[in-house]
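Each reported figure results from applying straightforward, stated rules to the coordinates on display, with no laboratory input. Just so it is clear, the model here is predicted, and its values are computed rather than measured. Counting neighbours? That spans all protein chains shown, and the Cβs are built from the backbone with ideal geometry, glycine included.
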There are 2 protein chains.
Amino acid sequence: MTAADLAWLDQVKFDEQGLVPGIAQDAESGKVVMFAYMNRESLLETVKTGNATYWSRSRNKLWRKGEESGHVQRIQELRLDCDGDVILMRIEQVGGIACHTGRERCFYNRLEQRDGVWRWVVTDPVLKDPESIYR
Amino acid sequence: MTAADLAWLDQVKFDEQGLVPGIAQDAESGKVVMFAYMNRESLLETVKTGNATYWSRSRNKLWRKGEESGHVQRIQELRLDCDGDVILMRIEQVGGIACHTGRERCFYNRLEQRDGVWRWVVTDPVLKDPESIYR
């Protein structure tokens, strides 16, 4: 890609820390499976490779999702919001597991009211033991 | 609600600025329609009223979505991610318009490659003139 070809990237408004929120949605099930931040480098790599790539704020490095686990997220569609500062990815989740806990998605806690009290209830099963995912 | 009833809220990990990302997904179409931040107060109000309530970082105040436009987001389901620091809401979008531009959703820009060059292409029509939404 030449500099001129990066006009699309220049239109993304990264925050003071150089980040934008990234939302990953399973293209088949429609489920929102994951949320993580992206910087300019990771967004460019996402488009170049076709694999969702994030910026790990805790490890302060490029996070090629699935690099270790094999649970790569293949980009089907990339969207930008009205303010140009949030990315939405429709992805194919290889292996059917997006979460590091071995679940289909990270959003496995549902708020439910029981006996008048609200609580977070785990609704999704662990599909694969994390120990066997990350060796 | 008593203090004891707020255990669910205490489990949410707000960042240094007291915020968590909030994702709104249309329960019917499955489309991700909006993204905004929430603080403790707005999340509590969301659960109490059943209407998505955000924290406006630009205006530094509670943002009762739809208060002016009538485009309220009725909560169908509330989810929390594995790290406890991102909220996913499945909502009923009253009026069918989530975006301040008068579109169904904020994510109306799609990345498309034409003649080898990537660009953001507007895919969604304006359903209602913003001027008539916000008077």
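Values computed for the structure shown
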| item | result |
| --- | --- |
| Cα long-axis angle, helix A:40-49 against chain A (0 to 90 degrees, to the nearest 10) | 90 |
| Where Rh is the Kirkwood radius over Cα pairs, Rg/Rh for the stretch A:3-133 | 1.02 |
| Long-range amide H partners of B:I91 with built H, under 5 Å | B:Q25, B:D26, B:A27, B:Q76 |
| Estimated inter-spin distance, B:Q17 and A:D115, nm [label 7 Å along Cα→Cβ] | 4.0 |
| Under the Karplus curve 6.51 cos²θ - 1.76 cosθ + 1.60, θ = phi - 60°, whole-Hz ³J(HN,Hα) for the stretch B:59-66, x wherever Gly or Pro sits | 9, 6, 7, 4, 10, 7, 3, x |
| Other-chain or far-sequence residues with amide H under 5 Å of B:M34's (modelled H) | B:A24, B:C106 |
| Relative contact order, percent, chain B [alpha-carbon distance under 8 Å, six or more residues apart] | 20 |
| Label geometry 7 Å along the beta-carbon vector: A:R74 inter-copy distances in nm | 3.9 |
| R0 of 25 Å, Cβ-Cβ distance A:T49-A:S132: FRET efficiency to nearest 0.05 | 0.45 |
| Pairs beyond 28 Å (Cα-Cα), from A:K48/B:K128; A:K65/B:K61; A:K13/A:K61; A:K48/A:K128 | A:K48/B:K128; A:K65/B:K61; A:K48/A:K128 |
| The protein assembly as shown: translational diffusion in µm²/s, Stokes-Einstein, Kirkwood Rh over Cα pairs, 4 °C, 1.567 mPa s | 67 |
| Dipole moment magnitude, nearest 20 debye, the stretch A:52-94 about Cα centre, only Lys, Arg, Asp, Glu C-beta charged | 220 |
| Enclosed volume per residue, in Å³, of the convex hull spanned by Cα atoms of the stretch B:55-97 | 88 |
| Identity and axial distance of the chain B residue whose Cβ lies nearest the axis relating B to A, Å | B:G30, 2 |
| Distant-in-sequence amide H partners of B:R103 (H built 1.01 Å from N, under 5 Å) | B:L127 |
| Within straight-line cross-link reach of A:K31, aspartates and glutamates at Cα separation under 14 Å, skipping those fewer than 8 residues along the same chain | A:E92, A:E104, A:D124, B:D26, B:E28, B:E77, B:D81 |
| Extreme residue, positive dipole direction of the stretch B:1-88, given options B:H71, B:G84, B:A52 (C-beta unit charges) | B:H71 |
| Rounded FRET efficiency, nearest 0.05, which uses the C-beta distance separating A:E92 from B:S56 and R0 of 30 Å | 0.30 |
